[in-house]
């Protein structure tokens, strides 16, 4: 039977010792973006989203995968519905349940992960309409993120598989989503410069990212005390785009050059240490995990993004 693991992203000896047994010739990476992890996956890494032109996600591409040997170790550094969903699909296929998988729900979950729920609803109205009444995405997010309910990744994979295979009734999905809300409702007051918004949100990163992402053309979120279940505390900065801008990949290159020079490294060395920024066409984030946090301030990133965004309009 398959093994599933959530890699630790903190830059410590304890994390390296924890991760070591899961990395090797039988390892398949799932949405890994840290180069040292990717290099240690003997069965390579699947991540169609976090690169230029990324128009798919691992949960959407999961059914096109080969049937992996039963000693395969699936690892991720992202405990989200996309990566956990990919693992759940591989488990369902291994158990002979592939015919029970809800293909439309898989497409909907992948689109929402790539685009955000609101943009996905605009671009895939038929899927939004089909799943409007029952909060399947909310349930999948809770399973993936709610560490207090599902402490082991194996439990999350199994619960996700049950949802994707239609083994959980609509009534139970609705009750579950109501009883275990992910977020505390918050109202934020961002600083605005042109079409770019900046928001500092200590301890409310996910809430702030969702709030800003649904209201701004471009948003910069800083959580100086961001905590992740597999990486501990780090300074987390994320840039969110409603649509991929022309300067998206140039911005990433500039930030990584600044980071590398500040650390006395080359950009290649920065990437090899897993200290580089990255993301998909509509998202750019600092690395997460204790010891990996960015040395840029939120306002420095806000200023750089504002300058590049304004310059992109001048070129037009």
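Can you work out which of the residues in the stretch 196-220 that are touching a helix residue (DSSP H, G or I) at 6+ places or on another chain (Cβ under 6 Å) and assigned to a loop (DSSP other than H, G, I, E, B) is surrounded by the most Cβ atoms within 10 Å (Cβ to Cβ)? Top of the filtered list is 201.
Within the stretch 148-161, can one find any residue that is at pLDDT below 90 and either more than 30 Å from residue 92 (Cβ to Cβ) or out of contact with any helix residue (DSSP H, G or I) (no Cβ under 8 Å at 6 or more places or on another chain) (or both)? Checking the stretch 148-161: at least one residue is at pLDDT below 90 and either more than 30 Å from residue 92 (Cβ to Cβ) or out of contact with any helix residue (DSSP H, G or I) (no Cβ under 8 Å at 6 or more places or on another chain) (or both).
Check whether at least one residue in the stretch 251-271 is within 18 Å of the chain's Cα centre (by Cα) and under 24 Å from residue 119 (Cα atoms), and report yes or no. Yes, because at least one residue in the stretch 251-271 is within 18 Å of the chain's Cα centre (by Cα) and under 24 Å from residue 119 (Cα atoms). Is one or more of the residues making up the stretch 221-243 farther than 30 Å from residue 152 by Cβ, surrounded by 15 or more Cβ atoms within 10 Å (Cβ to Cβ) and out of contact with any strand residue (DSSP E or B) (no Cβ under 6 Å at 6 or more places or on another chain)? Yes, the stretch 221-243 has at least one match.
I want to confirm something. Restricting to the stretch 66-84 and keeping residues that are touching a strand residue (DSSP E or B) at 6+ places or on another chain (Cβ under 7 Å) and either buried (at least 24 other Cβ atoms within 10 Å of the Cβ) or at pLDDT below 95 (or both), which single residue is farthest from residue 206 (Cα to Cα)? By that ranking, first place goes to 74.
Among all positions in the stretch 140-150, there is no residue which is free of Cβ contacts under 8 Å to residues at least 24 places away in the same chain, over 25 Å from residue 244 (Cα atoms) and in a helix (DSSP H, G or I). Applying the set (1) at pLDDT 95 or above; (2) not in a helix (DSSP H, G or I) to residue 133 leaves exactly one unmet item: (1).
For residues that are within 29 Å of residue 207 (Cβ to Cβ), more than 21 Å from the chain's Cα centre (by Cα) and in contact (Cβ under 8 Å) with a residue 40 or more places away in the chain, tally how many sit in the stretch 87-138. Number of matching residues: 2.
Residue count for the stretch 33-65 under the criterion of being modelled with pLDDT of 95 or more, closer than 21 Å to residue 286 by Cβ and not in a helix (DSSP H, G or I): the result is 1. Picking from residues in the stretch 292-311 that are out of contact with any helix residue (DSSP H, G or I) (no Cβ under 7 Å at 6 or more places or on another chain) and surrounded by fewer than 17 Cβ atoms within 10 Å (Cβ to Cβ), the one that is nearest to residue 227 (Cα to Cα) is 297.
For the stretch 252-270, the count of residues that are closer than 21 Å to residue 50 by Cβ and part of a loop (DSSP other than H, G, I, E, B) is zero.
The values are calculated or read from the model by the stated rules, or taken from the named source; none is laboratory data. None of these values were measured; they are calculated from a predicted model. All Cβ positions, glycine included, derive from the backbone under ideal geometry; neighbour counts span all protein chains shown.
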